[in-house]
Amino acid sequence: KENEVRVPKVLLAGEDYILLENIPGQTMTDYLEQIEKDGLPPDNAYWAADDLCEWLLGFYKAVQNITDEKVIMKDVNLRNFIVAKDGIYGIDFEEVSAGYPEEDIGKICAFLLTYRPEFTPWKINVAKYIRDRAIEKLKINPNLVMNELNRELSAIKKRRKSTI
């Protein structure tokens, strides 16, 4: 928060709990699903994708400034991002650890593609947009993003024992 990354304020913390400020809004998953369900074109989601990329860029810079290491979120399920009036907020930092941004971006795209209904043309379009914007904004390796995307799709397929 001190590094101007949109995160909830910590209200109270104990040995095995943390109480955070309520951020009015909805999860990014719910937000994107509603746009698709309403039949709106994918470009209605682009502002949120852009803001997510900006949020990640700020997060990576802030954590690197604090730790002097390359650290990523790891748990980038889109339910861990809140779409609020003033932008995207990140929550749930339990799995933050060393890694590369390509890993987070590949996972974000894989999660988006596999929310039900899976692999709709709408989701494919938005996932491509997120991938392309992240590659541009974060200056990351496109091949590594695709490797991570494919790796996460395989992991999801195993977890769900499905035909993804």
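The values are calculated or read from the model by the stated rules, or taken from the named source; none is laboratory data. Everything numeric in this text was worked out from a predicted model, so none of it was measured. In this analysis, Cβ positions are derived from the backbone assuming ideal geometry, glycine residues included, and neighbour counts consider all displayed protein chains. Calculation scope for accessible area: heavy atoms of the full protein, side chains included, ligands and nucleic acids excluded. Shrake-Rupley method; radii C 1.70, N 1.55, O 1.52, S 1.80 Å.
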(message) Per DSSP helix of 4 or more residues, -39500 (n - 2.57); summed, then divided by the residues of the chain. What does that give at 222 nm, rounded to the nearest 500?
(response) -17000 deg cm²/dmol
(request) Identify, among Tyr46, Gln26, Leu12, the residue whose Cα sits farthest towards the positive end of the charge dipole of the range 1-75, taking +1 on the Cβ of Lys and Arg and -1 on the Cβ of Asp and Glu, with the dipole about the Cα centre. (result) Leu12
(request) Calculate the tail of P(r) for the range 109-164: the fraction of all Cα-Cα distances greater than 12 Å, expressed in %. (result) 66
(message) Tell me the Kirkwood radius of the range 32-87: reciprocal of the mean inverse pair distance over distinct alpha-carbon atoms, in Å.
(response) 12.9
(request) Roll a 1.4 Å probe over the protein chains and send me the accessible area per residue for the range 66-140 in Å². (result) 47
(message) With a 1.4 Å probe and all protein chains left in place, how much of the accessible area of the chain comes from carbon and sulfur atoms, in whole percent?
(response) 50
(request) List, in the order given, every pair from Lys61/Lys107; Lys70/Lys123; Lys61/Lys161; Lys9/Lys158; Lys37/Lys157 whose Cα-Cα distance in the structure shown is over 31 Å. (result) Lys61/Lys161; Lys9/Lys158
(request) Would you work out the relative contact order for the range 1-97, in percent, from Cα pairs under 8 angstrom that are 6 or more residues apart? (result) 33
(message) Which residues among the range 80-116 fall inside the zone where the amide N is under 15 Å from a point 7 Å beyond the Cα of Ser154, along Cα→Cβ?
(response) 107
(request) May I ask you to list, by number, the DSSP H helices of the chain whose Cα span along the axis is at least 24 Å and whose average Kyte-Doolittle hydropathy reaches -0.5 or more? (result) 46-67
(request) Enumerate the amide H contacts of Leu20 below 5 Å, restricted to partners 5 or more residues apart or on another chain; note that Pro and chain-start residues carry no placed amide H. (result) Leu11
(message) Relative contact order of the range 54-164, please, whole-number percent, based on alpha carbon pairs below 8 angstrom and at least 6 residues apart.
(response) 24
(request) Go through (i) 9.4; (ii) 10.2; (iii) 10.8 and flag the label whose value is the computed mean projected area of the Cα convex hull in nm² for this structure. (result) (ii)
(request) Can you tell me how much longer the chain between Leu40 and Ile91 gets when fully stretched, taken as 0.36 nm per residue apart minus their C-alpha distance, in nm with one decimal? (result) 15.7 nm
(request) Report, ordered by chain and residue number, the aspartates and glutamates lying within cross-link reach of Lys74, taken as a straight Cα distance under 16 Å and ignoring same-chain residues fewer than 8 apart. (result) Asp92, Glu94, Glu95, Glu102, Glu103, Asp104, Glu148, Glu152
(message) With a 1.4 Å probe and all protein chains kept in place, how much accessible area does Cys53 have, in Å² rounded to the nearest 10?
(response) 0
